[in-house]
Every structure is written in structure tokens, then in C-alpha cells.
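One structure below.
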Amino acid sequence: MSNYKQALTNNIFKVISLASAELQLESYVIGGFVRDYILQRGEHKDIDIVAVGSGIELARKVSDLLPHKPKVQIFKTYGTAMLRAYDMEVEFVGSRKESYSQESRNPEVESGTLEDDQNRRDFTINALALSLNEETYGELLDPFNGLQDLNTGIIRTPLDPDITYSDDPLRMLRAVRFASQLGFRIEKSSLEAINRNRNRIKIISRERVVDELNKILLSEKPSVGFALLHKTGMLRLILPELIALEGIDEIEGQRHKDNFWHTLEVVDNISENTNDLWLRWAALLHDIGKAPTKKFDKKMGWTFHGHEFVGSKMVYKLFKRLRMPLNEKMKFVQKMVLMSSRPIVLAEDVTDSAVRRLIFDAGENIEDLMTLCEADITTKNPRRFKRYHNNFQVVRQKLKKVEERDHVRNFQPPVTGEEIMETFNIKPSREIGIIKDAIKEAILEGEIPNEYESAKEFMLKKGKDIGLKPQN
Ligand code: CTP
């Protein structure tokens, strides 16, 4: 019997052990903490405790024994309790015979043994339990060979997968998420069961779906997860906009690339350079406007005119449908999608004024935009690959040089509206907008440097041009 005493050195485990002894019940650590300890994935801050008895009572006892007497939060519907101690969030549940899923139509669950409880969990790798009982402290209880599945990298359900997945359909997404996060394989009968049961994903709250999508996106190689979502048919139900990108059309011998698989490559590429969730979302959605804008033109071949604009509008609808935040994060994703072709166009012909405009439009997001666009280079032609990357180097150097000189990144008009009004002795009117715009344009075009004296001189000239007279 393997012993994992060394996993249980945090004081919280000693206290739970003591509390269990006082209440004369057994308790175990189960789930993610045990899994991640064995995989050496760093400390898991959420601890799940199963009590063979009342989880709520155990939580209260643990709080009593702790010096700071933490507050015990009780979730009556689920029969669980939670407290915080020693930097950990500890959740207590009594062992049960039935699934404890949120979606369960039968929340009245019967209490059961530890093994009953392990049986009703999602995967063998999440059903591993460590004893907190005095005599067997640290012993691993592993009735379904979860340890072996951990070592060989397999996602398997303890029961018949049709039962496990219908108990809580979210688990179908969790299977994919764990496969992506851990680089594991979903075992065949599980995959088949997901294919059969995928429509049940519709009853899951969108917030929980998005939680899993976010975790897939944040995994090292998100394409593993998205390819599985695709393979199991779940992607069509969750993100049909991506499925619409799949496939290659051919007319008169002209083909376009498969924008779905291209997108997954872009997401993997960007994940090598950023852990920012929203930039990864931008990579995932950067081409969604290509499906509705696709056209074949006899002269130009396949075109996707305006796909960036259409795509950025689709981002809003998609976020709204999935109940994702409609805040500045969404606006950031929209902006990235809208601007996603700008730098690559520059890579062909880098003029100072085009670079200045790019900095002006992208503002503080210029670095993120460059990261996205470089990830977008997925050509398999090594010469082209090299050329694009080299061009990007040139763009980056130019960006640096132009920004050092002109500071247009967080552009503030060098001459204010008030000064224009005073100079020409006019009230708020459209002339002020015209002059301010002309100054901005002159700076972006490189006609004048971005500084006060030159802008003022330009303002006087422009004012006269449109018939205004300076006050004195
Ligand atoms: N669990 C389950 N079915 C679910 C959700 C959770 O059986 N739909 C069980 C699993 O045993 C899981 C444990 O509850 O290990 C804790 O769930 P949770 O905290 O959501 O996940 P973790 O496994 O801890 O992993 P992570 O923190 O990475 O989400």
C-alpha cells in the first residue's frame, strides 16, 4: 500500500485528522489535491475532504479546533461546507451513494461508504483518496487503478461512462479539459459515450461551460482540447462560429486554407508567447468573420473582405450568448480581431506613417497585436515563413524608432481645444474639431513632429485656411 504522508504535512490535515477522531468518523482527502500532488503539478490550494458521516459537522469541528476559528460556509442544497485555513480553501462533503452534481434531478442523496463516493466521481484520476485517519494516515485508497491511469495519462470514468456523464454532463467538457491541461488521452469508451451524450451539454449553465473553455485555452497546447471538442461534436454546440471555418473550397483550381485548423495552430503559437487568457481568446476568434464574408472572385480568387470588422461584431454576439463579461476584456478581444490584419499588411511595405498610424490605432495594445499577428504566420513554406518573420522584425524595429521619436502610443493632442478657442476667439464649434483632426493627421503623416510649437504653428495656418482670424 503506497503511503503519501509527505503530501499531508500542512497543519490543516493534522487538524482535520484530529477533528475526525473526536467525532469518531473517517475522513479522506480526495480529488484535485491528490491528483496534482502525485503529478507534481505544484500545490493545489483547493482541498476536497470526504467524511464518512456529516461533512458539515466535520467542518464545524475543524473550525473549533483552529486557533482563528474560521467562518464555516454551509451550502445546504449540496450538503457541503467550506472554510479557509492556512492559505487553503477546504471543502467538506459527506460520502454519498448518488452523484452530487448540481444538475442532479435528485438532490436527496443517500450516504454511503468511501468507495460509494469514489464510484460517483468523474474520473479515476480524480477518485484517488488519501486517508486522514490516525492508523492509516497518508495511505492511498485507489479502487479503480487511478494511479496507473495517472502514470499512463488516461482519462477514464470509474463507472460505465454513460452513467458518469449523464450524472453530470459538464464532465464531458471536464474530460476534454483534463486531456488538454495534462496532455492525457481520453479512453475509447469514454469518447464514444461523449459522442452519444453530447447534446446534454445544453443543460449546463453557460458560466460553467465558459470556465472549462477558459481552462482549455489556458493549457499549454489548447489545440489538444479544441480538436477533442471538434471530434466529439461538442464544439458545434458551443462555438458553431469556429466550425463554420472548417473546410477547403475549390473553384477553378483555386483553394483557400482551412481556417479552422489554421486557427488552432494560431492559438498554439500564441500560447508559446503569452498566458493572457484574453489574448488567447482573440487568437481563437481572430478569423471568425471569414465564414460569412467568404466569396470567390474570378480575378482575385478567394476573398474575405471586411472579415475583421464582421468578426469583431461577432465577438460581441458570441460573448453575449455565452454570458461572458461584456466589459473591457471583450472590447480588447474585439479590437484585436478588428486590427488583426494590420501588421501583416505592413510587413510588405513599411512606411513611417503607416507605422505611426498603427501605433496610434492600437495604442497600449500594440505589443499584444504584434504577438497575435506573428502567431498568425502558419505557412508551411519555409522561405515564406522566414520572410514574414524577418519582415516582422523590421516592423518591430520601426515601431520602436517611430515611437521613440513621435510618442503617438497614448496620443494626447499637443494643442487643446481651449487654446484653439482662445486663439481664434471662437465658441465651441465644428471648426475646433476640424483643426484638431488636421493636427492629428499631420502628425500621423509625419508632416509635423508631435510637439507643441510645431502643432501651434500648424494650428494658426490651418485656422487661417478655413477663414478664422487669430485674436491679435
Ligand atoms: N468532481 C466530479 N464531477 C464534477 C466535478 C467534480 O466528480 N463535475 C469531483 C472530482 O473528484 C474532482 C473533485 O470533485 O476531483 C473536485 O472538483 P473540482 O474542484 O471542480 O476540480 P479539481 O479536480 O480539484 O480540479 P481543478 O481545480 O483543476 O478544477
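Taken over the range 59-71, the residue count meeting the criterion of being under 15 Å from PHE13 (Cα atoms), open to solvent by 50 Å² or more (accessible area, probe 1.4 Å) and either without any contact (Cβ under 8 Å) to a residue 12 or more places away in the chain or not in a helix (DSSP H, G or I) (or both) is 1.
Scan the range 74-85 for residues that are over 29 Å from the mean Cα position of the chain (by Cα) and surrounded by fewer than 19 Cβ atoms within 10 Å (Cβ to Cβ) and the total you get is 3. Of all residues assigned to the range 178-193, none qualifies as being within 10 Å of the ligand (Cβ to nearest atom) and farther than 21 Å from SER223 by Cα.
Screening LEU264 against (1) in contact with a strand residue (DSSP E or B) (Cβ under 9 Å, 6 or more places away or on another chain); (2) buried (at least 21 other Cβ atoms within 10 Å of the Cβ); (3) hydrophobic (A, V, I, L, M, F, W, C) leaves a single unmet condition, (1).
Residues in the range 423-472 that are of a type in the set (A, V, I, L, M) and not in a helix (DSSP H, G or I) were compared, and the one that is surrounded by the most Cβ atoms within 10 Å (Cβ to Cβ) is LEU468.
Starting from residues that are part of a helix (DSSP H, G or I) and within 16 Å of the ligand (Cβ to nearest atom), keep the ones in the range 75-99 and report whichever is nearest to ASN11 (Cα to Cα). Only one residue fits best here, namely TYR78.
Working carefully through the options VAL62, VAL72, VAL52, VAL29, find the one that is within 15 Å of the ligand (Cβ to nearest atom), assigned by TED's automatic domain parsing to the domain that holds ILE125 and of a type in the set (A, V, I, L, M, F, W, C). After ruling out the rest, the residue left standing is VAL29. Where helices (runs of 4 or more DSSP H) sit wholly within the range 110-183, those with at least 1 residues that are more than 28 Å from ASN10 (Cα to Cα) occupy 146-152, 161-167, 170-182. So which residues in the range 291-342 are of a type in the set (A, V, I, L, M) and part of a helix (DSSP H, G or I), if there are any at all? Scanning the range 291-342 gives ALA291, VAL310, MET314, VAL315, LEU318, MET330, VAL333, MET336, VAL337, LEU338.
One residue stands out among those in the range 150-166 that are within 13 Å of ARG121 (Cβ to Cβ) and within 27 Å of the chain's Cα centre (by Cα): the one that is most open to solvent (accessible area, probe 1.4 Å), which is ARG156.
Within the range 219-263, being within 20 Å of PRO292 (Cβ to Cβ), under 16 Å from the mean Cα position of the chain (by Cα) and in a helix (DSSP H, G or I) holds for LEU235, ILE238, LEU242, THR263. Exactly one residue out of ILE56, ILE12, ILE16 is open to solvent by less than 50 Å² (accessible area, probe 1.4 Å), part of a helix (DSSP H, G or I) and over 15 Å from GLY138 (Cα atoms): that is ILE56. Looking only at the range 279-313, residues that are within 25 Å of the chain's Cα centre (by Cα) and of a type in the set (Lys, Arg) come to 3 in all.
Looking at LYS401, LYS380, just one residue is part of a loop (DSSP other than H, G, I, E, B) and surrounded by fewer than 18 Cβ atoms within 10 Å (Cβ to Cβ), and that residue is LYS380.
The values are calculated or read from the model by the stated rules, or taken from the named source; none is laboratory data. Just so it is clear, the model here is predicted, and its values are computed rather than measured. Here Cβ is always computed from backbone atoms with ideal geometry, including for glycine, and neighbour counts include all displayed protein chains. Accessible surface areas use protein heavy atoms only, side chains included; no ligands, DNA or RNA. Shrake-Rupley method; radii C 1.70, N 1.55, O 1.52, S 1.80 Å.
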